[in-house]
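**Q** Sharing a structure below in structure tokens format, with a few things to ask.
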Amino acid sequence: MESKECELLLARHGIKPTANRVVILRTLAAGRRPMSMRELEMEIFSIDKSNIFRALALFRTRHLVHVIEDGDGGTRYELCYSRDEDNDEDEHMHFFCECCHRTFCLHDLHAPEVSLPDGYRLHSVNCLIKGICPTCTGKREADKR
């Protein structure tokens with residue numbers, strides 16, 4: 001994602017496009033899967049942890065990122081491509097590999113609709129499937145031979 005695209009996306013979400021926010025957004029966009037704070041820190045040497053955390057908190061309140069609880073007790077972040085804050089058509093399932101401990105997006109598997117009892121208000125749905133990814137399954141099969 002080019003810097004200009006990042007600036008437009010930030011502005012569309014009501015976020016001032018500072019240099020740090022653009023870098024963080026570009027890093028999330030380049031990630032092939034949801035990223036942890038640690039992974040973001042390792043990718044972005046020019047911005048300290050507290051600034052990354054503050055930007056992610058702002059992105060979350062402005063509905064620019066999804067926050068995913070991974071299967072390892074951690075939190076991961078991914079860009080939200082939804083165009084509507086109230087009706088998030090971008091929510092999808094995630095897969096946590098119990099072997100390599102990576103979390104993958106399953107974009108083609110949408111999160112199920114949830115009907116809550118009266119008085120409850122839905123903010124997000126976090127659906128996680130646990131198992132073994134294809135890469136780890138292949139390695140296990142090769143080890144058996």
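So that you can scan it fast, the table gives a plain yes or no per residue for (1) modelled with pLDDT of 85 or more; (2) closer than 18 Å to HIS13 by Cα; (3) polar (S, T, N, Q); (4) touching an Asp or Glu at 6+ places or on another chain (Cβ under 6 Å):
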{"site": "ARG38", "(1), (2), (3), (4)": "yes, no, no, no"}
{"site": "PHE45", "(1), (2), (3), (4)": "yes, no, no, no"}
{"site": "SER50", "(1), (2), (3), (4)": "yes, no, yes, no"}
{"site": "GLU91", "(1), (2), (3), (4)": "no, yes, no, no"}
{"site": "GLU113", "(1), (2), (3), (4)": "no, no, no, no"}
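**Q** Hey, LEU64 hits all of (1) among the hydrophobic types (A, V, I, L, M, F, W, C); (2) in contact with a Ser or Thr (Cβ under 7 Å, 6 or more places away or on another chain); (3) buried (at least 18 other Cβ atoms within 10 Å of the Cβ); (4) under 30 Å from CYS97 (Cα atoms) but one; which does it fall short on?
**A** (2)
**Q** Do the conditions hold for LEU64, that is, is it touching a His at 6+ places or on another chain (Cβ under 7 Å), aliphatic (A, V, I, L, M) and within 25 Å of GLU7 (Cα to Cα)?
**A** Here the answer is yes, as LEU64 does meet what is asked.
The values are calculated or read from the model by the stated rules, or taken from the named source; none is laboratory data. All figures in this text were calculated on a predicted structure; none of them were measured in a lab. Cβ coordinates were reconstructed from backbone atoms using ideal geometry, including for glycine residues, and neighbour counts include every protein chain displayed.
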